[in-house]
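Values quoted throughout were computed directly from the atomic coordinates according to the rules given, and no laboratory measurement underlies them. This structure is a prediction, so every number in the text was calculated from the model and none was measured. Here Cβ is always computed from backbone atoms with ideal geometry, including for glycine, and neighbour counts include all displayed protein chains.
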């Protein structure tokens, strides 16, 4: 345990004094302030003279404003934070020849990788909590609404999901830093995985669904069961992307009014009308039930990723050359 | 206790796939001696050191270092054994004291004690003047000496030095050799030194072992090996002559 703590402490010091961390925090503060002020002022305008809708506070995080919402921002750029923090964690020590020295000290070998991962997760947590607090603080000033306990709970769950999500990417990048000797290669490999999961898998899911369960265009109309099948296949495949997993989970948890049935083709106009008329928020517990599988999957892939990383590192030969 | 074995290896073997890197090594190092481990590049010297430290698992054979089995109990071995790898690395953006402090903390030495020890070992290696500079600005010789200081922090019984003088200029080499010699004489630390620079080894080692292609072909005091290989009469032998004889035979 002592070894873990010492390495953890040094890694934290390294992170805090690195230019990398400075850049990440600058980006985060900038985005936080921009989003909070844009969205906050938008809400202020819209809700003038009206009764405040429920969960107005959460709009700060989900409302897209002119550019993108905070939730979308983290879904998209969060992985980059993880990759940024981890892509050179092991191979930098290898290149500077400090790894063999480190391992010849009386510490357990897994302390090195555990401490590095934990330090990364701690930094991620600090950054995320900071930005949520910035947005909340500015938002409260701008829209004049204090979050209720349920909103705070939802935010906490959102934060946990985000930390897990970014930790997964941290794990991926540490894994590559164990496998590849060169820091440039591990950075590129991590980015490639990010691009694959975030963009291509979504596109690929559409193509795959078209191939596996095509929707016939001929005849009088579309067959509803074919549409459902198509949608199911597409969703199943896209759930392999951590980004989809995360986006689904967080939008559900932060937007109690969100409907999970989205394929509007199947809804008649009256149905749609009634849906928009009678909007009732989902209770926190029900939202949680919906996202539990997502959260569990996020935990699972993060652990799986770190587990592989751990195994590879423990079995690797430590040669100085 | 002069003749107690501090390292004992029996039939120590390491294979990478089918390639035998270290072949049935039998070796005994006595407490307090300076042992030179010689051999050409790629003879398996570093692999042997890594097995002694528990950083690499032997394929077969037994080894005991300061009374512990490094494969099963690397923790205890690493507590009391210092290792200076070839071309040791440091955290270049930290100064000498910070580097040593980190190593001291990893060795569970409380900061109160380590402060004094760091100063002391920096004095031993003559780097106390440069303590505030970032290690990235150090010359090769200074880095190597800092490596020795780092090893001394844990007050080791035994130090493994892997090619400690490689790449140093003549002055740096001399300082390094004097330093190693004084550690052995003044602090009674057992030194196990791997090298292929023979004249240097000859200057400071009590005994040598010659390793060629994974086999330990000779071991003993230099005079003894000289008698065996060059004949009794020859008086001004060099280690190089002995070594070349073994090398040609192997």
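Other chains' Cβ within 10 Å of B:105-118 residues: what's the mean? Don't jump to the answer; show the numbers that get you there.
Details: counts 8, 12, 6, 6, 0, 0, 0, 0, 0, 0, 0, 0, 0, 0.
Shielding by partners across B:105-118 averages 2.
Let's test the formula: R0 of 25 Å, r as the Cβ-Cβ distance of residue A:288 and residue A:76. What FRET efficiency results, to the nearest 0.05? Kindly include the intermediate steps, with their values, before the conclusion.
Numbers: r = 24 Å, r/R0 = 0.98.
Rounded to the nearest 0.05, the efficiency is 0.55.
In nm, give the distance between the simple-model label positions of residue B:171 and residue B:187, each being 7 Å from the Cα along the Cα-to-Cβ direction.
2.5 nm
Cut-off is 10 Å between beta-carbons; in what order do A:141, A:94, A:154 appear when sorted fewest neighbours first? Provide the component values of the computation, followed by the final result.
Working: A:141 11, A:94 22, A:154 25.
The fewest-first ordering by Cβ neighbours comes to A:141, A:94, A:154.
Tilt of helix A:19-46 relative to the longest C-alpha principal axis of chain A, in degrees (0 to 90, nearest 10)?
10 degrees
Find the all-direction average of the projected area of the Cα convex hull for the protein assembly as shown, expressing the result in square nanometres with one decimal place.
On the way: hull surface 138.9 nm².
The orientation-averaged projected area of the Cα hull of the protein assembly as shown comes to 34.7 nm².
Can you give me the C-alpha center-to-center distance between segment A:1-48 and segment A:106-157, rounded to a whole angstrom?
Taking the Cα centre of segment A:106-157 as reference, the centre of segment A:1-48 is 9 Å away.
Work out the mean other chain Cβ neighbour count within 10 Å for the residues of B:88-98 and drop it here as an integer. Show your work: numbers first, answer last.
Working: counts 5, 11, 4, 6, 2, 3, 4, 0, 0, 0, 2.
Taking the mean over all residues of the peptide, I get 3.
Suppose we take every Cα in chain B and form the convex hull; what volume per residue is that in Å³? Present the calculation step by step, with values, prior to reporting the outcome.
Working: hull volume 33.0 nm³, N = 250.
Normalising the Cα hull of chain B by residue number yields 132 Å³.
Tell me, what is the Rg over Rh of segment A:2-315, with Rh the Kirkwood radius over Cα pairs? Don't skip to the end; give the middle numbers.
Working: Rg = 22.2 Å, Rh = 21.6 Å.
For segment A:2-315, the value is 1.03.
Hey, rough spin-label estimate for residue A:227 and residue A:211, points 7 angstrom out along Cα→Cβ, what's it come to in nanometres?
Once both label points are built, they end up 2.5 nm from each other.
Can you give me the distance in nm between label points at residue B:62 and residue A:20, each placed 7 Å from the Cα along the Cα-to-Cβ direction?
A separation of 4.6 nm, rounded to one decimal place.
If contacts are Cα pairs under 8 angstrom and at least 6 residues apart, what is the relative contact order of segment A:2-315 in percent? Show your work: numbers first, answer last.
On the way: 350 pairs, mean separation 75.1, N = 314.
Relative contact order, segment A:2-315: 24 percent.
Which FRET efficiency value, to the nearest 0.05, is calculated for residue B:244 and residue A:110 with the Förster distance at 41 angstrom and r the Cβ-Cβ distance? Could you put the intermediate results ahead of the total?
Values: r = 46 Å, r/R0 = 1.11.
So the FRET efficiency works out to roughly 0.35.
State the antiparallel share, in %, of DSSP beta bridges confined to the protein assembly as shown, rounding to the nearest 5. List each step's numbers first, then the result.
Values: 21 of 39 bridges.
That works out to approximately 55 percent antiparallel.
Enter the mean number of other protein chain beta carbons within 10 Å of the beta carbon of each residue in A:62-70, as an integer. It would help to have the intermediate numbers written out before the result.
Working: counts 0, 0, 0, 0, 0, 0, 0, 0, 0.
Mean partner shielding for this stretch: 0.
Can you sort A:90, B:180 from fewest to most other Cβ atoms within 10 Å of each residue's own Cβ?
Details: A:90 27, B:180 23.
Final ranking by Cβ density, sparse to dense: B:180, A:90.
With everything on Cα atoms, drop me the angle between helix B:170-186 and the longest principal axis of chain B, reported from 0 to 90° to the nearest 10.
90 degrees
Using only the alpha-carbon atoms, how far is helix A:242-254 inclined from the longest principal axis of chain A? Give it as 0 to 90 degrees, nearest 10.
Relative to chain A, helix A:242-254 is tipped by roughly 50 degrees.
Can you order the peptides B:79-88, A:169-178, A:299-308 by their average number of other Cβ atoms within 10 Å per residue, highest first?
A:169-178, B:79-88, A:299-308
In a GNM of chain A with a 10 Å cut-off on Cα contacts, which of A:44, A:234, A:105 has the highest mean-square fluctuation?
Top of the fluctuation ranking is A:105.
For residue A:188 and residue B:230, what does the FRET efficiency come to when R0 = 51 Å and r is the distance between their Cβ atoms, rounded to the nearest 0.05? Let's see the in-between values first.
Numbers: r = 58 Å, r/R0 = 1.13.
Using R0 = 51 Å, I get an efficiency of 0.35.
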